[in-house]
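Just below is one structure, and these are the notes that go with it.
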Amino acid sequence: MKPDTTRQTTFIVCALLMLLICIVYCRVVGFKFLVYDDPLYVVNNPRINGLTASNISWAMKGVVNSNWQPTVWLSYMLDSQIGGIDSGLFHLTNLIIHIANTLLLLYLLKRMTGSLWRSAFVAAMFALHPLHVESVAWISERKDVLSTLLWLLTMLAYIRYTEMPNLRRYILVFIVFALGLMAKPMLVTLPIILFLLDYWPLGRLGIAGQNKSTKGYRKATLKRLMLEKLPLIAPAIAVGIVTILTQKASGAMQELDKYPFGVRTANAAFSYVTYLRKMLWPNDLAAFYPHPKDSLPIWQVMACVMLIAALTWLFARARRYPYMLVGWLWYLISLAPVIGFIQVGMQAMADRYTYVPMIGIAIIAAWAVPDMVYKNTNPNKSKTAILASTALIAIAAFSVCTYYQIGYWRDDAAVFGHAIKIIPDNYTAHNDLGVALMYRGENQAALEQFREAVRIDPTCMRAQYNIINQLYVMGDVDGAIKQTHALLRSFPHEGRAYLRLGIIYLRQSRLDPAEKNIRQALRESPKDPKVHQAIGMLLLKKGKVDEAIARLNKAAKLSPQDPDIKQRLEYAKSLKRAAR
């Protein structure tokens, strides 16, 4: 291994990386909030409006969109405390964290391996690959960049622990890891990744070959290394269980009847290979990838399985190059929680899922290619020049792709229009584009997008309800009622449809059909707080204030953070006080 480079060279590399990231990503600071989860997480979330005691308390237990992410809520609150609900500031924070992740990754790899240039290549790929645009340019994906920062800080704390194992340093590892889990449960695989690092490059097992870069790390037996990870596995399992239960309770976790295990396995194998292809040739990136209407061809699935198996066997056999197995397992394992075996949401895959896993593939490229070029020969200027030129060309090419990919995230029309261009039958993109058009007042165009989403996938309930709402907003009350009845003919147990129909009748002061449908909604969805709220408002219309208050109190118990329910309850109580 070459002697370590000077601090001055390292500083110059860090400065160049920061400059490149700023040049490529600087436009995001001028981007606005998207309708894609940003209103739910930030714009319409009163709880992130400043670092108050009440908001901090909520952050520790609040669940939004089936996500429990206290450290993310606190970071949003800090942004809001500094500059209010300003999209530019929120984007800037994402960008700053991405820069910090890049520099920290470079530092960690260099510290573990002693190689600046190979570490710099991995950091550059991480910083400037277009697959990572979604994680940085989307405010709602703050959990990705922030959890990765805590992932890397956990690695740093662990490296310090391996240099001088003691309880105080291990407690620091545990604390940072726990904070990372509180940002995104994807960190559940980190204890296994730390075990991989023990093999290479830390060389704590004494198997990977000892060199200058591993002399400072304490050797240990396999049993000792496994026992070291047990305290970290416990909170990982706990957070994993909480996440599964939360997602299941909210309906975000898809049942086996919609996506059978065979479909999930096929999609997982296909996704593993597709992510690899996108890392090499990222020409078709979209904000949402729906599951294909038809099953994947069996030959395609088998080819993917065989490729994964072959690469695993090949890297396991390459014992002279331990980084190959470590990088490959890093990719497979860190991607496993979101590969689709546990199907959360409707997407088949997502670019943001590669934010951490791609590091493993970049490590393979950064170490394997030079070793293959220099195999059985000493490094010379010509080979080094070829390697450096190839690396720079790759970095430049990906930087250009990233710059253009960022442009698609400038606003709702761009991000969803591009997704539709990539995947024409993208029902989620059509629906979200419709929402964006609705906010812009383009009601007819929005309605067309909602109808297109339903045409592609009649089970897309968001689009179904958006059609009903849009017809009502446009003054076509009869059309909204007809659309709701049509929905109920196809889905007779859809409690929210009965609720929507009941509310429409309630607003028209047609109390009998309103009560009939709201009561049916209660039978279908007895724990839905909005149903109890609707019954409360119906009782108020009938002048039954005490019964209305009791019903609204029940709604508030079911959803204590809902500001609309609180407002309705206070209104009912004010009517009771006025009647005294």
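The values are calculated or read from the model by the stated rules, or taken from the named source; none is laboratory data. What you see is a predicted model; the values in this text were computed from it and never measured. Counting neighbours? That spans all protein chains shown, and the Cβs are built from the backbone with ideal geometry, glycine included. Surface areas here come from the heavy atoms of the whole protein model, side chains and all, with no ligands, DNA or RNA. Shrake-Rupley method; radii C 1.70, N 1.55, O 1.52, S 1.80 Å.
Between Ala394, Ala414, which is open to solvent by less than 70 Å² (accessible area, probe 1.4 Å), in a helix (DSSP H, G or I) and over 24 Å from Ser334 (Cβ atoms)?
Only one candidate qualifies: Ala414.
Would you check if there is a residue in the stretch 278-287 being open to solvent by less than 20 Å² (accessible area, probe 1.4 Å) and in a helix (DSSP H, G or I)?
yes
May I ask you to verify whether Ala388 is closer than 30 Å to Arg142 by Cβ, open to solvent by 30 Å² or more (accessible area, probe 1.4 Å) and outside any loop (DSSP other than H, G, I, E, B)? First the steps, then the outcome.
Values: closer than 30 Å to Arg142 by Cβ: no; open to solvent by 30 Å² or more (accessible area, probe 1.4 Å): yes; outside any loop (DSSP other than H, G, I, E, B): yes.
For Ala388, the condition - closer than 30 Å to Arg142 by Cβ, open to solvent by 30 Å² or more (accessible area, probe 1.4 Å) and outside any loop (DSSP other than H, G, I, E, B) - is not met.
Which members of the stretch 36-82 meet the condition of being part of a helix (DSSP H, G or I) and among the small types (Gly, Ala, Ser)?
Selection gives Ala53, Ser54, Ser57, Ala59, Ser75, Ser80.
Give the stretch 22-37 a look and list any residue that's open to solvent by 10 Å² or more (accessible area, probe 1.4 Å) and either out of contact with any Ser or Thr (no Cβ under 9 Å at 6 or more places or on another chain) or under 27 Å from Thr428 (Cα atoms) (or both), or say none.
Answer for the stretch 22-37, where residues must be open to solvent by 10 Å² or more (accessible area, probe 1.4 Å) and either out of contact with any Ser or Thr (no Cβ under 9 Å at 6 or more places or on another chain) or under 27 Å from Thr428 (Cα atoms) (or both): Cys22, Cys26, Arg27, Val29, Gly30, Phe31, Lys32, Phe33, Val35, Tyr36, Asp37.
Filter the stretch 214-258 for residues that are modelled with pLDDT under 80, over 21 Å from Ile175 (Cβ atoms) and of a type in the set (S, T, N, Q) and give the result.
Passing the criteria: Thr214, Thr246, Gln247, Ser250, Gln254.
From the set of residues in the stretch 311-326 that are in a loop (DSSP other than H, G, I, E, B) and either among the basic types (Lys, Arg) or in contact (Cβ under 8 Å) with a residue 24 or more places away in the chain (or both), which is surrounded by the fewest Cβ atoms within 10 Å (Cβ to Cβ)?
It comes out as Arg320.
Restricting to the stretch 525-555, name every residue that is in a helix (DSSP H, G or I), under 34 Å from the mean Cα position of the chain (by Cα) and surrounded by fewer than 19 Cβ atoms within 10 Å (Cβ to Cβ).
Once the filter is applied, which keeps residues that are in a helix (DSSP H, G or I), under 34 Å from the mean Cα position of the chain (by Cα) and surrounded by fewer than 19 Cβ atoms within 10 Å (Cβ to Cβ), the stretch 525-555 yields only Lys554.
Scan the stretch 560-572 and tell me whether some residue there is open to solvent by 80 Å² or more (accessible area, probe 1.4 Å) and either touching a strand residue (DSSP E or B) at 6+ places or on another chain (Cβ under 8 Å) or among the hydroxyl-bearing types (Ser, Thr, Tyr) (or both).
Yes: the stretch 560-572 contains one or more residues that are open to solvent by 80 Å² or more (accessible area, probe 1.4 Å) and either touching a strand residue (DSSP E or B) at 6+ places or on another chain (Cβ under 8 Å) or among the hydroxyl-bearing types (Ser, Thr, Tyr) (or both).
Tyr403 - would you say it is within 30 Å of Leu19 (Cα to Cα), in contact (Cβ under 8 Å) with a residue 60 or more places away in the chain, surrounded by fewer than 19 Cβ atoms within 10 Å (Cβ to Cβ) and among the aromatic types (Phe, Trp, Tyr)? Reasoning before the result, please.
Values: within 30 Å of Leu19 (Cα to Cα): yes; in contact (Cβ under 8 Å) with a residue 60 or more places away in the chain: yes; surrounded by fewer than 19 Cβ atoms within 10 Å (Cβ to Cβ): yes; among the aromatic types (Phe, Trp, Tyr): yes.
Yes.
Report, by residue number, each residue of the stretch 352-393 that is under 25 Å from Thr148 (Cβ atoms) and among the small types (Gly, Ala, Ser).
Gly360, Ala362, Ala365, Ala366, Ala368, Ala391
Can you work out which of the residues in the stretch 38-76 that are open to solvent by 60 Å² or more (accessible area, probe 1.4 Å) and in contact (Cβ under 8 Å) with a residue 60 or more places away in the chain is farthest from Phe177 (Cα to Cα)?
Pro46
Filter the stretch 356-382 for residues that are among the hydrophobic types (A, V, I, L, M, F, W, C) and over 15 Å from Met324 (Cα atoms) and give the result. Give the derivation first.
Within the stretch 356-382, the first condition is being among the hydrophobic types (A, V, I, L, M, F, W, C), and the residues that meet it are 356, 358-359, 361-369, 372-373.
Once the filter is applied, which keeps residues that are among the hydrophobic types (A, V, I, L, M, F, W, C) and over 15 Å from Met324 (Cα atoms), the stretch 356-382 yields Val356, Val373.
Within the stretch 194-211, does at least one residue satisfy the condition of being open to solvent by 70 Å² or more (accessible area, probe 1.4 Å) and at pLDDT 75 or above?
The initial filter retains those residues of the stretch 194-211 that are open to solvent by 70 Å² or more (accessible area, probe 1.4 Å), namely 207, 210.
Now restrict to residues that are at pLDDT 75 or above: none.
Checking the stretch 194-211: not a single residue is open to solvent by 70 Å² or more (accessible area, probe 1.4 Å) and at pLDDT 75 or above.
Please return the ranges of helices (runs of 4 or more DSSP H) entirely within the stretch 83-146 where 3 or more residues are within 26 Å of Tyr323 (Cα to Cα) and either open to solvent by 10 Å² or more (accessible area, probe 1.4 Å) or at pLDDT 95 or above (or both).
Fully inside the stretch 83-146 and qualifying: 87-113, 116-128.
Going by what's in this entry, would Ala336 be described as open to solvent by less than 60 Å² (accessible area, probe 1.4 Å), touching a residue at least 24 places away in the same chain (Cβ under 8 Å) and assigned to a helix (DSSP H, G or I)?
Details: open to solvent by less than 60 Å² (accessible area, probe 1.4 Å): yes; touching a residue at least 24 places away in the same chain (Cβ under 8 Å): yes; assigned to a helix (DSSP H, G or I): yes.
Answer is yes for this residue.
Sort out which residues of the stretch 427-452 are touching a residue at least 60 places away in the same chain (Cβ under 8 Å), of a type outside the set (A, V, I, L, M), surrounded by 20 or more Cβ atoms within 10 Å (Cβ to Cβ) and more than 13 Å from Tyr465 (Cα to Cα), and write them in order of number.
Selection gives Tyr427, Thr428.
If you go through the stretch 368-379 one residue at a time, do you hit one that is open to solvent by less than 30 Å² (accessible area, probe 1.4 Å) and either closer than 21 Å to Ile192 by Cβ or part of a helix (DSSP H, G or I) (or both)?
Within the stretch 368-379, one or more residues are open to solvent by less than 30 Å² (accessible area, probe 1.4 Å) and either closer than 21 Å to Ile192 by Cβ or part of a helix (DSSP H, G or I) (or both).
Hey, can you tell me all the residues within the stretch 159-179 that are part of a helix (DSSP H, G or I) and more than 24 Å from Ser75 (Cα to Cα)?
Start the filter on the stretch 159-179 by keeping residues that are part of a helix (DSSP H, G or I), which leaves 159-163, 167-179.
Selection gives Ile159, Arg160, Tyr161, Thr162, Glu163, Leu167, Arg168, Arg169, Tyr170.
Check Lys383 against each of (1) of a type in the set (D, E, K, R); (2) open to solvent by 20 Å² or more (accessible area, probe 1.4 Å); (3) more than 30 Å from Trp328 (Cα to Cα) and name the one condition it does not meet.
For Lys383, the failing item is (3).
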